[in-house]
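Can you read through this structure? Questions will come right after.
Every read-out reported here was derived from the displayed coordinates using simple, explicitly stated rules and does not represent laboratory data. All of these numbers come straight from a predicted model, not from anything done at the bench. Glycine gets a Cβ as well: all are built from the backbone with ideal geometry, and neighbour counts include every protein chain shown.
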């Protein structure tokens, strides 16, 4: 299985339950690995075109989770009022 595709394809689910993957270094004790973070693509609507840049995406991280990257596919499709932001979320915390 292509591990990079699995990592980039998150979130994964099984029977409507979230599956969380964590890279493990050799020699790491599996029971001590905390499976509490996962990545999500979040779509933000009604973003003015002049705000569509990485700096705004960084500011959104404080409200959503840890900023990882932002997507430009919306611009390519002509949907300039939508921004996609990839964030890391602690699944133990409630969504805002």
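Determine the relative contact order of the range 1-53: mean sequence separation of Cα pairs under 8 Å and six or more apart, normalised by residue count, in whole percent.
30
Here's a follow-up. Return the FRET efficiency for the residue pair residue 33, residue 12: r is the Cβ-Cβ distance, R0 is 22 Å, and the value is rounded to the nearest 0.05.
Efficiency at R0 = 22 Å is approximately 0.85.
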